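The values are calculated or read from the model by the stated rules, or taken from the named source; none is laboratory data. Given the structure is predicted, the values throughout are model-derived calculations rather than measurements. When we count neighbours, we look across all protein chains shown, and the Cβ atoms used for this are built from the backbone with ideal geometry, even at glycine. Heads up: the accessible areas ignore ligands, DNA and RNA and are worked out on the full protein's heavy atoms, side chains in. Shrake-Rupley method; radii C 1.70, N 1.55, O 1.52, S 1.80 Å.
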Amino acid sequence: MTRFVVVGGGIVGLAVAHRLVTDRPGDSVTVLEKEAGWAAHQTGHNSGVIHAGVYYRPGSLKATLCKAGSASMVEFCAAHGLPYEVCGKLIVATDAAELPRLHALHERAVANGLPVRLVDAAEAAEHEPHVAAVAALHVASTGIVDYGAVCRKLAELLAAAGADLRTRAEVTGVADRPEGVVVTTTAGEVVADVLINCAGLHADRIARLAGVPTPVRIVPFRGEYYELTPQRRGLVRGLVYPVPDPQFPFLGVHLTKMIDGSVHAGPNAVLATAREGYSWGRFSPRDVWDELTYRGLWALGRRHFRYGLTEVARSLSKARFAASLARLVPELTPADIVRAGAGVRAQAILPDGGLVDDFLIVEADRQVHVLNAPSPAATSSLEIARHIVSRLPVDTAR
């Protein structure tokens with residue numbers, strides 16, 4: 001019997017544990033989560049989109065696992081009675097200058113084997129009557145779901161399969177000893193034959209605790225959301241995104257119908273002052289020190305200084321935020337949106353300031369570390385799990 005320990009109770013960690021108990025029923029699986037419940041951070045603050053895989057480089061892990069994951073996530077929800085909707089989305093060009101980028105995105109989506117169509121302004125209006133578009137890309141396979149509910153179901157299935165699920169168990173040390181990989185937590189020690197690190201915002205720190213050199217550092221970026229007031233939800237039927245500008249590191253604010261019927265707007269992207277910094281008032285001296293002493297962040301800042309200032313201004317000004325949304329839906333005004341919380345993206349940054357644009361999974365002796373898994377990791381989670389577990393040796397017991 002092989003003993004597995006999975007660190008992290010977000011959707012990736014729970015999906016990996018579920019794949020382990022499914023594919024290796026004779027083995028032991030323990031999941032360690034430092035919070036009191038599941039999906040407490042990135043997963044629980046997710047926008048709920050089942051991404052199709054439009055944006056990602058053909059052949060990359062993101063492209064292949066997202067496409068497969070969008071299908072397997074829908075299958076999982078259907079099999080377990082979880083609410084979801086495949087509503088499609090529009091990626092909207094609001095002026096002629098964006099058309100070359102829209103066409104390039106269409107070519108990438110076709111290369112990724114996705115069901116997409118370029119549509120003109122009239123057809124875009126059939127999908128979203130209130131959108132201002134000169135043209136758009138319609139992505140039929142995009143959907144919405146509650147990833148928190150998916151995590152609760154995964155935890156339920158894990159418990160039924162006999163997995164050892166431990167919350168309030170923060171990892172404080174990892175040591176490779178003759179008896180196995182000894183994981184020290186605030187709730188005691190666990191000995192494993194294989195450690196799988198899916199700790200999200202803290203994944204690089206767990207890797208360093210385990211003695212594994214990390215080629216990146218995780219830097220937290222807060223994404224702040226508004227939502228449309230109930231009487232204005234009718235302005236958006238599904239998902240409306242801008243054409244991304246490849247000069248900038250993030251997608252830009254967009255409009256997303258949620259599975260509960262609300263419509264969220266956002267997120268922007270500002271540097272967070274804590275790895276779990278969901279507001280300007282949340283400040284971690286350790287996390288800020290890590291940011292300020294990392295040359296990769298300074299290099300990124302020099303490259304995108306003006307973009308960063310724009311994002312901070314949008315964070316501090318509801319009017320600016322609303323104006324960004326009005327480029328997509330001109331009828332929207334500041335009176336139509338209210339604050340709706342925030343999420344934090346765990347973004348891996350290279351020492352030269354480059355953003356890691358693919359999932360990054362580092363393997364070491366009896367260890368696997370998921371070091372970059374921001375969006376579309378939730379969509380891809382069941383396939384990330386399949387990918388990791390398929391690469392494990394058949395017998396890893398000591």
Between residue 176 and residue 247, what is the spin-label point distance in nm, taking each point 7 Å from the Cα along the Cα→C-beta axis?
-> 4.6
Give me the angle, in degrees from 0 to 90, between the Cα long axis of helix 61-80 and the longest principal axis of the Cα atoms of the chain, rounded to the nearest 10.
-> 80
Using just the helices of the chain, give the 222 nm mean residue ellipticity in deg cm²/dmol: DSSP H runs with n ≥ 4 each add -39,500 (n - 2.57), and the total is spread over all residues, rounded to 500.
-> -9500 deg cm²/dmol
Could you give the accessible area per residue of the range 13-158, probe 1.4 Å, as a whole number in Å²?
-> 37
How many percent of the accessible area of the chain is carbon or sulfur, using a 1.4 Å probe?
-> 55
Neighbourhood net charge (13 Å Cβ-Cβ; Lys/Arg +1, Asp/Glu -1) for residue 352 | +4
Output ³J(HN,Hα) for the range 305-320: one whole-Hz value per residue in order, computed from phi by the Karplus curve 6.51 cos²θ - 1.76 cosθ + 1.60 with θ = phi - 60°, and x for Gly and Pro.
-> 4, 5, 4, x, 4, 4, 5, 5, 4, 5, 5, 8, 10, 4, 5, 5
Using a cut-off of 20 Å between alpha-carbon atoms, which lysines can reach residue 153, once sequence neighbours fewer than 8 places away in the same chain are excluded?
-> 34
What distance in nm separates the simple spin-label points at residue 279 and residue 134, each placed 7 Å from Cα in the Cβ direction?
-> 4.2
Pop a pseudo-label 7 angstrom from the Cα along the beta-carbon direction at both residue 262 and residue 126 and give the gap in nm to one decimal.
-> 3.3
Just the accessible area per residue of the range 251-395, please: how many Å² with a 1.4 Å probe?
-> 45
Among the aspartates and glutamates, which fall within straight-line cross-link reach of residue 318, defined as a Cα-Cα distance under 17 Å, with same-chain neighbours fewer than 8 residues apart omitted?
-> 224, 227, 331, 336
Principal axis dimensions, largest first and in whole angstrom, of the range 125-173 by Cα = 54, 28, 15
Calculate, for residue 78 and residue 289, the FRET efficiency according to 1/(1 + (r/R0)^6) with r their C-beta to C-beta distance and R0 35 Å; round to the nearest 0.05.
-> 0.15
Sequence order, the range 278-284: Karplus ³J(HN,Hα) from phi using 6.51 cos²θ - 1.76 cosθ + 1.60, θ = phi - 60°, Hz rounded, Gly and Pro as x, gives 8, 7, 4, x, 8, 9, 10
How do 80, 18 stack up against each other in accessible area, from largest to smallest, with a 1.4 angstrom probe?
-> 80, 18
Straight-line reach check, residue 67, cutoff 12 Å on alpha carbons, 8 or more apart in-chain or any other chain, hits among aspartates and glutamates -> 383
Hey, what angle do you get for helix 377-390 against the long axis of the chain, alpha-carbon based, 0 to 90 degrees rounded to 10?
-> 30
Given that compact globular proteins tend to follow 2.2 N^0.38 Å, what is the ratio of the alpha-carbon Rg of the chain to that value?
-> 0.98
What angle, in degrees between 0 and 90 and rounded to the nearest 10, separates the Cα long axis of helix 147-160 from the longest principal axis of the Cα atoms of the chain?
-> 20
Counting sequence-distant residues (5 or more places) and residues on other chains, those with an amide H built under 5 Å from that of residue 344 are 223
For the range 274-398, build the convex hull from the C-alpha positions and give me its volume per residue in Å³.
-> 169
Cα centroid separation - the range 299-351 against the range 163-206, whole Å | 36
